[in-house]
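Enquirer: Just passing along the structure, written as structure tokens.
All of the numbers you see were taken from the coordinates with simple rules; none came from a lab. Just so you know, these numbers come straight off a predicted model, no measurement behind them. Neighbour counts run over all protein chains shown; Cβ positions are idealised from the backbone, glycine included.
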Amino acid sequence: MASGKTLTIGIMDAPYESANSTTALRVIDAALKKGHNVNVFTYEGAVNLTMKGQQPHPNPVKGTSVEQEQHPTTKDWVASLFNLASARGVKLDWVNCGLCVDERGAGDWIDGPRRGGPKDFLDASVASDATLVIPTK
Amino acid sequence: MPKILNIVETAYRATIEEQDDTVLWLTHMLKNGGADISVLLRANAVNYAVKGQDASGLSFGEAKMTHPPEIDKDVEKMIQKGVPVYLVAEDVNERGLSDADLVSGIKKVRREALPELIDQHDQVWHW
Amino acid sequence: MAKYLLIESRDPFDSSDSEYFCELVEGISNRGNEVILFLVQNAVFPLRSGSKHNDLIDKLLKNKVKVLADNFSLKERAIKRPLDGVEVVDMGRIVDLLLEPGTKAIWH
């Protein structure tokens, strides 16, 4: 059941480079499961989290195929979060910072995210019940 | 509108492509968007308030950075726009900086006063 | 008096800046605010008994700071029993704390 509460999260880390990304997705997942709406603002490298062109790969050290390894991509994690939000009847609003997208060529993303900018983050934060910024180092 | 404090500590991270500091730029944009926002520079980011920073001359092969960041000027512009910019005093001193090295309009705050500064803001975004 | 959820992700072995954040936690607490410190990712390293940084956590606990540790981060690092006085929590609890009215959340 939807709680009516909204959490806004700002993130910066590019995929696969920092445990911050893992924790951020865990927070979003936990919030959605509790019936909260979540706004995500991706800034800088974090806009790459949703790139449609990400591909899983096999693991030559373990000798596994692509199918066996089931290597996760961040776009699949994020797509799953959108499915979770839909299933729980809550809103996941994922905004990729447009200028950051442009300079990274990260504009071809999965279904769900939208293009935006710092004003979206400010407006989301003001309208939310809580805001958490997870920086990059 | 909540009072927001942006704490910036990482410095010179993104100069390979950035013509600004990413969080100072974001602060500027948020201010333009109507935010009631202040900035606290700490750790290496206190160097952002030093006059005369020069990142010009970057080139790779024939490709040149034609508009390098001018972060000291960005800090000055921010102050002129009415964004309070604080510096942690001890971080300045530990880096061998004096007031004469810094752009004008900066407000120094001692480490022990940071909790009070934080208390004065509704949101504290630590970048 | 305000409520703070302070989140430390860095560890003192890798980051000398952890000391700054511990001082900030204490300073905010000493102003009469309600402070919870949540340790996540490598910040749980000082929670292994025998770590040279146990004292950082002990000091916070003695100063009545509530210290929480992320269950996944502990498990990931095979820290089976964190220091006494530290509560192990899941991310759902952190979401609850984030959304408690009047809470300021600061990540380091």
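Enquirer: Cα-based count: Lys pairs in chain B below 24 Å, eight or more positions apart or different chains?
Expert: 25
Enquirer: By average Cβ neighbour count within 10 Å, what is the ranking of B:24-35, A:77-88, A:29-40 from highest down?
Expert: A:29-40, B:24-35, A:77-88
Enquirer: Only four residue types carry charge here, +1 at the Cβ of Lys and Arg and -1 at the Cβ of Asp and Glu. Report the dipole size of chain C about the Cα centre in Debye, rounded to the nearest 20.
Expert: 220
Enquirer: How far is the Cα center of region C:51-102 from the Cα center of region A:64-126, in Å?
Expert: Distance between centres, Cα-based: 29 Å.
Enquirer: Taking only DSSP H segments of four or more residues, each worth -39500 (n - 2.57), what value at 222 nm results for chain A once the sum is divided by all its residues, to the nearest 500 deg cm²/dmol?
Expert: Estimated from H runs of four or more residues: -11000 deg cm²/dmol.
Enquirer: Peptide C:94-102: average number of partner chain Cβ atoms within 10 Å per residue?
Expert: Other-chain Cβ atoms within 10 Å of each residue's Cβ, averaged: 6.
Enquirer: Counting helices only, and only those DSSP H runs with n ≥ 4, report the 222 nm mean residue ellipticity of chain C as the sum of -39,500 (n - 2.57) divided by its residues, in deg cm²/dmol to the nearest 500.
Expert: -9500 deg cm²/dmol
Enquirer: What does the helix-only formula give at 222 nm for chain B: each DSSP H stretch with n ≥ 4 adding -39500 (n - 2.57), the total divided by the residues, and the result rounded to the nearest 500 deg cm²/dmol?
Expert: Value at 222 nm, helices only, nearest 500: -7000 deg cm²/dmol.
Enquirer: If you don't mind, another one. How do A:26, A:115, C:81 rank when sorted from fewest to most other Cβ atoms within 10 Å of their own Cβ?
Expert: Exposure proxy ranking, most exposed first: C:81, A:115, A:26.
Enquirer: With a ≥ b ≥ c the root eigenvalues of the C-alpha gyration tensor of region C:3-107, is it rounded (a/c under 1.5), prolate (a/b larger than b/c) or oblate?
Expert: oblate
Enquirer: Quick one: Karplus J couplings for region A:12-22, per residue in order, coefficients 6.51, -1.76, 1.60, θ = phi - 60°, nearest Hz, x for Gly and Pro?
Expert: Values, residue by residue: 10, 6, 5, x, 6, 9, 8, 5, 4, 5, 4 Hz.
Enquirer: Would you be so kind as to identify which of C:99, C:35, C:86 lies farthest towards the positive end of the dipole of region C:3-107, taking Lys and Arg as +1 and Asp and Glu as -1 on Cβ and the Cα centre as origin?
Expert: C:86
Enquirer: Return one number: the angle in degrees, 0 to 90 and rounded to the nearest 10, between the long axis of the Cα atoms of helix B:22-32 and the longest principal axis of the Cα atoms of chain B.
Expert: Here the helix axis deviates by roughly 60 degrees.
Enquirer: Averaged across the residues of B:26-32, what count of C-beta atoms belonging to other chains lies within 10 Å of each residue's C-beta?
Expert: Neighbouring Cβ atoms belonging to other protein chains average 4 per residue here.
Enquirer: Output wanted: per-residue J couplings in Hz (rounded whole) for region C:31-48, from phi through Karplus 6.51 cos²θ - 1.76 cosθ + 1.60, θ = phi - 60°, x for Gly and Pro.
Expert: 7, x, 7, 8, 10, 10, 9, 10, 9, 9, 6, 5, 5, 7, 4, x, 8, 6
Enquirer: Angle, helix A:74-88 long axis vs. longest principal axis of chain A, Cα atoms, 0 to 90°, nearest 10?
Expert: That helix lies at roughly 50 degrees to the long axis.
Enquirer: How far, in degrees from 0 to 90, does helix B:71-80 lean away from the longest principal axis of the Cα atoms of chain B, to the nearest 10?
Expert: The angle comes out at about 40 degrees.
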